[in-house]
Amino acid sequence: MPSPANRLSQFSESVIRGMTRLANRCGAINLSQGFPDFDPPEAVLSALETATRGPHHQYAVTWGAPRFREALAKKINRNTGLHVDPDQHLVVTCGSTEAMMVAMMTACNPGDKVIVFSPFYENYAADAILSGAEPIYVTLNAPDFGYDSGELAAAFDQKPKAIVVCNPSNPTGKVFTRGELQEILDLAEKHDTYVITDEPYEHIVYEPHVHTYACSLPDAFDRVITCNSLSKTYSITGWRLGYVLASPEVIAQARKVHDFLTVGAAAPLQEAAVAGLELPDSYYEELQNLYTRKRDVFLSFLRQTGLPFTEPQGAYYVMVDISSLGFADDSRAAEWFAREVGVAGVPGSSFFRDPEHRFVRFHFAKKEETLRAAGEKLLRLADEAWLKESIETFGRE
Ligand code: GLN
């Protein structure tokens with residue numbers, strides 16, 4: 001038997017997607033893989049109906065349907081104050097997942113180093129390795145998930161080709177401040193490093209925090225490769241629509257990578273998603289209010305369980321500290337949550353570079369009724385007798 005490529009032994013299958021399968025098998029409320037259980041905006045749904053009868057069933061322009069790119073550029077310009085040109089600065093991709101792979105393959109040569117903040121969304125290390133690069137790590141320190149400037153500078157001293165910044169951050173909920181982004185950009189400038197950002201939660205930020213687009217900071221545009229997605233903003237994770245935004249020089253190369261990876265994102269869906277991109281500013285305010293309410297509902301249940309957690313500043317994930325439950329590791333704890341509590345989360349260790357088994361990540365991108373149902377189940381943790389009996393019967397290892 002021939003053996004598959006060596007690089008594949010350096011990472012495993014996605015734990016996040018695996019937890020969704022476990023949740024489905026045991027009928028748990030699925031707060032593991034982050035996606036909504038509510039519908040996209042009405043305007044988007046009705047545009048989808050129209051698009052199915054339109055002339056959009058063959059390949060779109062490989063780097064994105066013109067109407068979609070135009071609407072996208074307008075929205076980006078409104079949000080960032082930049083002058084993004086739909087023909088020069090954008091490649092439309094199959095989700096931010098493909099955008100990140102394209103960015104990494106566009107930036108990196110085999111053997112290059114890529115800085116990744118740990119904990120990190122599990123794709124980043126895999127993306128770097130698939131591009132032939134080597135991830136090196138800078139720690140985001142619990143509980144507030146700040147980084148140490150000295151550690152960051154030391155990582156830059158290793159002459160990385162790129163740094164990945166997920167902002168707002170999955171899984172920590174950290175929102176990078178303007179000052180932090182400027183510090184990263186200054187180091188990137190000094191060491192001639194690309195800054196690859198992943199910003200699908202740009203519109204899910206909780207007051208008083210604000211989202212800063214790294215690419216919009218002074219003189220940053222040529223150095224930043226922004227990856228983004230429509231998944232979270234319009235509740236269309238299954239549509240797989242994302243994009244890379246960068247300088248014309250980077251985009252000229254990124255188009256090639258994208259073309260040979262996937263040819264293009266689904267043409268009718270690009271057409272329909274224009275209705276989302278054209279929604280007024282009030283849509284984004286409502287989205288922010290909606291998620292603020294969801295966060296408040298879910299956190300109020302979590303608070304009653306007595307388990308410590310960090311309040312997210314943005315995105316829709318909470319890292320819950322489960323160390324007091326005494327499990328041998330977080331995977332066993334996550335299995336107990338899914339099977340015995342009836343609420344699925346993701347074992348936190350899948351986001352960390354170093355062995356760290358203290359956390360389970362839950363998300364709250366769900367209808368309020370789903371969050372309340374999950375919350376009621378989680379409240380059983382406050383019942384000490386039930387908790388002891390349940391964990392002892394289930395087993396800690
Ligand atoms: N971003 C989502 C999460 O972290 C999932 C994305 C995906 O599975 N592609 O759960």
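One residue stands out in segment 124-149 among those that are in a helix (DSSP H, G or I) and free of Cβ contacts under 8 Å to residues at least 40 places away in the same chain: the one that is farthest from the chain's Cα centre (by Cα), namely 149.
Let's see how each residue does on (1) more than 27 Å from residue 296 (Cβ to Cβ); (2) crowded, with 19+ Cβ neighbours inside 10 Å; (3) among the β-branched types (Val, Ile, Thr):
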residue: 170; (1), (2), (3): no, yes, no
residue: 181; (1), (2), (3): yes, yes, no
residue: 186; (1), (2), (3): yes, no, no
residue: 197; (1), (2), (3): yes, yes, yes
residue: 224; (1), (2), (3): yes, yes, yes
residue: 229; (1), (2), (3): no, yes, no
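In segment 52-60, is there at least one residue being modelled with pLDDT of 95 or more, surrounded by fewer than 19 Cβ atoms within 10 Å (Cβ to Cβ), more than 27 Å from residue 89 (Cα to Cα) and in contact with a helix residue (DSSP H, G or I) (Cβ under 7 Å, 6 or more places away or on another chain)? Yes, there is a match, as at least one residue in segment 52-60 is modelled with pLDDT of 95 or more, surrounded by fewer than 19 Cβ atoms within 10 Å (Cβ to Cβ), more than 27 Å from residue 89 (Cα to Cα) and in contact with a helix residue (DSSP H, G or I) (Cβ under 7 Å, 6 or more places away or on another chain). Report yes if some residue within segment 52-75 is among the small types (Gly, Ala, Ser), within 16 Å of the ligand (Cβ to nearest atom), closer than 26 Å to residue 202 by Cα and assigned to a loop (DSSP other than H, G, I, E, B); otherwise report no. No, segment 52-75 has no match at all.
Criterion applied to 66, 2 was being farther than 21 Å from residue 279 by Cα, open to solvent by 60 Å² or more (accessible area, probe 1.4 Å) and not acidic (Asp, Glu), and the one residue passing it is 2. Would it be correct to say that residue 78 is modelled with pLDDT of 95 or more and in contact with a Leu (Cβ under 6 Å, 6 or more places away or on another chain)? No: the conditions fail for residue 78.
As for segment 35-49, it holds at least one residue that is over 16 Å from residue 265 (Cβ atoms), crowded, with 16+ Cβ neighbours inside 10 Å and within 16 Å of the ligand (Cβ to nearest atom). Of all residues in segment 90-109, those that are at positive phi have Cβ atoms under 6 Å from Cβ atoms of residues that are surrounded by fewer than 24 Cβ atoms within 10 Å (Cβ to Cβ) and of a type outside the set (Asp, Glu), 6 or more apart or on another chain, in 95/240. Select from segment 363-397 the residues that are within 22 Å of residue 315 (Cβ to Cβ) and polar (S, T, N, Q) and list them in ascending order. Answer for segment 363-397, where residues must be within 22 Å of residue 315 (Cβ to Cβ) and polar (S, T, N, Q): just 370. Taking (1) in a helix (DSSP H, G or I); (2) more than 22 Å from residue 200 (Cα to Cα) in turn, residue 109 satisfies each apart from (1). If you check 210, 244, 257, 195 for being at pLDDT 95 or above and in a helix (DSSP H, G or I), only one passes: 257. For segment 311-331, filtered to residues that are more than 16 Å from the ligand (Cβ to nearest atom) and closer than 17 Å to residue 290 by Cα, the residue that is surrounded by the fewest Cβ atoms within 10 Å (Cβ to Cβ) is 311.
Being of a type in the set (S, T, N, Q), within 16 Å of the ligand (Cβ to nearest atom) and either open to solvent by 100 Å² or more (accessible area, probe 1.4 Å) or part of a loop (DSSP other than H, G, I, E, B) (or both), is that true of even one residue in segment 17-26? So far as segment 17-26 goes, yes, one or more of its residues are of a type in the set (S, T, N, Q), within 16 Å of the ligand (Cβ to nearest atom) and either open to solvent by 100 Å² or more (accessible area, probe 1.4 Å) or part of a loop (DSSP other than H, G, I, E, B) (or both). Can you run down the residue pairs with Cβ atoms below 9 Å, 6 or more apart or on separate chains, where the first is in segment 6-19 and free of Cβ contacts under 8 Å to residues at least 12 places away in the same chain and the partner is more than 15 Å from the ligand (Cβ to nearest atom)? Cβ pairs passing all conditions: 8/129; 8/130.
The values are calculated or read from the model by the stated rules, or taken from the named source; none is laboratory data. All of these numbers come straight from a predicted model, not from anything done at the bench. All Cβ positions, even for glycine, are placed from backbone atoms using ideal geometry, and neighbour counts span all protein chains on display. SASA here: full protein model, heavy atoms, side chains in, ligands and nucleic acids out. Shrake-Rupley method; radii C 1.70, N 1.55, O 1.52, S 1.80 Å.
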